[in-house]
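Visitor: Dropping a structure here in structure tokens format, bear with me for questions.
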Amino acid sequence: MNRRSFIKKSFWGTVGVTALTGLYAWRIEPHWLEFVRVKMPIKNLPESLVGKTLMQISDIHTGNRVDNSYLINSLKKAKEYNPDFVVYTGDYVTLHQERLMHDKLEEVFEESVKGNLGTIAILGNHDYGFEWSESEVADQITRTIEKEGIVVLRNSSVEMEGLNFIGLDDYWAKQTDAEKAFANYEPTKANIVLCHNPDVCDLDVWHNYKGWILSGHTHGGQCKPPFLPPPILPVKNKNYTAGKFNLSDGRILYINRGLGHSQKIRLNVRPEITIFELEKG
């Protein structure tokens, strides 16, 4: 093989690989859902909850960019796991698309996964509409979710079957009020914090809280080159990509990669629904 022939074949080989990778990242991985299992040791967990499961679903992003049939089919698969608790950690829509958005959101939540013992939700930045500043959009989304029997926490807490959930409202929407959220915090209880944006973990707002924090928001970066960190992450702390992080003060952060997407492309960052198994901490 002469030099010209070698270069020509190498060029077309590269073009072919690039095209196949692009097709995979656009058509396959955005809908290749992974159910991730994680052990969740919790301090003060009641004996009655040992071995129970908690499912986290995040970043659904209904709207023009995510196929509703994919979301509904994913939720139907999730129901087969029969979770004891279910938490939704924000971004139910992509920005604010008026009637279309609400119709699609209602269609998805008619198939929402419910926990046998409790179902809780918090809001994300997209749930506050344009420039994360439309409180009326957040109120309407809250009503849509609550209509399905799901408790929406907005800087508040609720105890269900001996497990206390503390829900922080969204950081980018400037709605996070930790003082209000932790008003009834008791360290002697079994506690879990829900917080859409993991950057809140680096703020001095935690009232000596020690335990799990469940977040979303990053989508894991959606595209991650092999052996490299994702080049684009919507957080200040670029260490907060996806998965479990042991913070230095007794807190444990888990960042869910999300079910939907902001743009229809994923590479090495499959969509995720997490199933935690509760155990004594």
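All of the numbers you see were taken from the coordinates with simple rules; none came from a lab. Here the structure is a predicted model, which is why all the values come from computation and not from measurement. With ideal geometry, Cβ positions are generated from the backbone for all residues, glycine too; neighbour counts draw on all protein chains shown.
Visitor: For q = 0.13, 0.16, 0.19 Å⁻¹, what log10 I(q)/I(0) does the stretch 137-187 give under the Debye formula with an equal point scatterer on each alpha carbon and no solvent?
Guide: Those come out to -0.34, -0.51, -0.70, one per q.
Visitor: Please list, or write none, the lysines whose alpha carbon is within less than 28 Å of the alpha carbon of LYS147, excluding same-chain residues fewer than 8 places away.
Guide: Partners within reach: LYS52, LYS76, LYS77, LYS79, LYS104, LYS114, LYS174, LYS180.
Visitor: Principal axis extents for the stretch 38-188, Cα atoms only, whole Å, descending order, please.
Guide: Principal extents (largest minus smallest coordinate, Cα): 45, 38, 25 Å.
Visitor: One quarter of the convex hull surface, Cα atoms only: what value does that give for the stretch 239-281 in nm²?
Guide: Mean orientational projected area (the stretch 239-281, Cα hull): 4.2 nm².
Visitor: List the lysines whose Cα sits under 23 Å from the Cα of LYS224, skipping any in the same chain fewer than 8 residues away.
Guide: Excluding near neighbours in sequence, the set is LYS236, LYS238, LYS244, LYS264.
Visitor: Between the DSSP loop rule and a limit of at most 15 other Cβ atoms within 10 Å, which chymotrypsin sites (Phe, Trp or Tyr not before Pro) in the stretch 180-276 are left?
Guide: Here the sparse-neighbourhood loop sites are PHE227.
Visitor: How long is the gain from GLU148 to ILE275 if the chain were fully straight, where each residue apart is worth 0.36 nm and the alpha carbon distance is subtracted?
Guide: Full extension from GLU148 to ILE275 adds 43.6 nm.
Visitor: A further question follows. With the crude spin-label approximation of a point 7 Å out along Cα→Cβ, what separation in nm comes out for PHE130 versus ASN184?
Guide: In this crude spin-label approximation the distance works out to 3.7 nm.
Visitor: Still on this structure, please answer the following. Suppose we take every Cα in the stretch 193-244 and form the convex hull; what volume per residue is that in Å³?
Guide: 79 Å³
Visitor: Could you work out the Rg to Rh ratio of the stretch 20-77, with Rh taken as the Kirkwood radius (inverse of the mean 1/r over all Cα pairs)?
Guide: Rg/Rh: 1.13.
Visitor: Counting residues in the chain as N, plug N into 2.2 N^0.38 Å and put the Cα Rg over that result.
Guide: 1.07
Visitor: How tilted is helix 98-109 with respect to the longest principal axis of the chain? Cα atoms for both, answer in degrees (0 to 90, nearest 10).
Guide: Around 70 degrees separate the two axes.
Visitor: Restrict the search to the stretch 153-242; then list the trypsin sites (Lys or Arg not before Pro) that DSSP places in a loop and that have at most 16 other Cβ atoms within 10 Å of their Cβ.
Guide: LYS174, LYS210, LYS236, LYS238
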